[in-house]
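Novice: Just passing along the structure, written as structure tokens.
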Amino acid sequence: MQAEIILSYKSIRDADAVAKAVSPDNVKVPPGLVIRTEKRGRRVLTKVTCETRLQTFVATIDDLLSAVSVAEKTIASVKEY
């Protein structure tokens, strides 16, 4: 199973912050799971490849999107000051 998630932001700085926030997820993953996140301009691209169970695949994407949400909320709250 594979998924490619593309997120677009208003600025390169926002995209960079989100990519850096979720990049630690690229390091420690169970066998059979690969997550790669990179920033391209104002976009953050994440590719998820899972050779194990569907539940693992769905949980991984859910975790990723939760981390993205936290990063976006943090960026928004910092901009308020």
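Novice: Would you work out which of ILE5, PRO31, ALA76 lies farthest towards the positive end of the dipole of the chain, given +1 charges on the beta-carbon of Lys and Arg and -1 on that of Asp and Glu, about the Cα centre?
Specialist: Positive-most Cα among the choices belongs to ALA76.
Novice: I want the local charge near ARG13. Using Cβ-Cβ distances under 15 Å, sum +1 for each Lys or Arg and -1 for each Asp or Glu among the other residues.
Specialist: Computed value for this residue: +4.
Novice: Which angle between 0 and 90 degrees, to the nearest 10, do you get for helix 12-22 versus the longest principal axis of the chain when only C-alpha atoms count?
Specialist: 40
Novice: Counting Lys and Arg as +1 and Asp and Glu as -1, each charge on the Cβ, what is the dipole of the chain about the Cα centre in debye, to the nearest 20?
Specialist: 280
Novice: I would also like to ask the following. Run the numbers for ASP63 and SER77: contour at 0.36 nm per residue of separation, minus the present Cα-Cα distance, in nm.
Specialist: This chain segment gains 2.9 nm when fully extended.
Novice: At each listed q (0.12, 0.21 Å⁻¹), what is the log10 of I(q)/I(0) that the Debye formula gives for the chain modelled as equal alpha-carbon point scatterers?
Specialist: So the normalised log intensities work out to -0.34, -0.91.
Novice: Could you work out how much longer the chain between THR52 and ARG36 gets when fully extended? Use 0.36 nm per residue separation minus the Cα distance between them, nm to one decimal.
Specialist: Once the chain is fully extended between THR52 and ARG36, it gains 4.1 nm.
Novice: Report, in degrees rounded to the nearest 10, the 0 to 90 angle that the Cα long axis of helix 54-79 makes with the longest principal axis of the chain.
Specialist: Here the helix axis deviates by roughly 10 degrees.
Novice: Using Cα springs under 10 Å in a Gaussian network model of the chain, which residue among SER66, SER11, SER23 shows the largest mean-square fluctuation?
Specialist: With Cα springs under 10 Å in the chain, the top fluctuation among SER66, SER11, SER23 is at SER11.
Novice: Using only alpha carbon pairs under 8 Å that are at least six residues apart, calculate the relative contact order of the chain and give it in whole percent.
Specialist: Once normalised by length, the contact order is 34 percent.
Novice: Springs between alpha-carbon atoms under 10 Å, Gaussian network over the chain: tell me which of LEU65, LEU33, LEU54 tops the mean-square fluctuations.
Specialist: LEU54
Bear in mind these aren't lab numbers, they're just calculated from the coordinates by the rules spelled out. Note that the structure is predicted; figures quoted are calculated from it, not measured. Please note: Cβ atoms are built from the backbone with ideal geometry, for glycine as well, and neighbour counts cover all protein chains shown.
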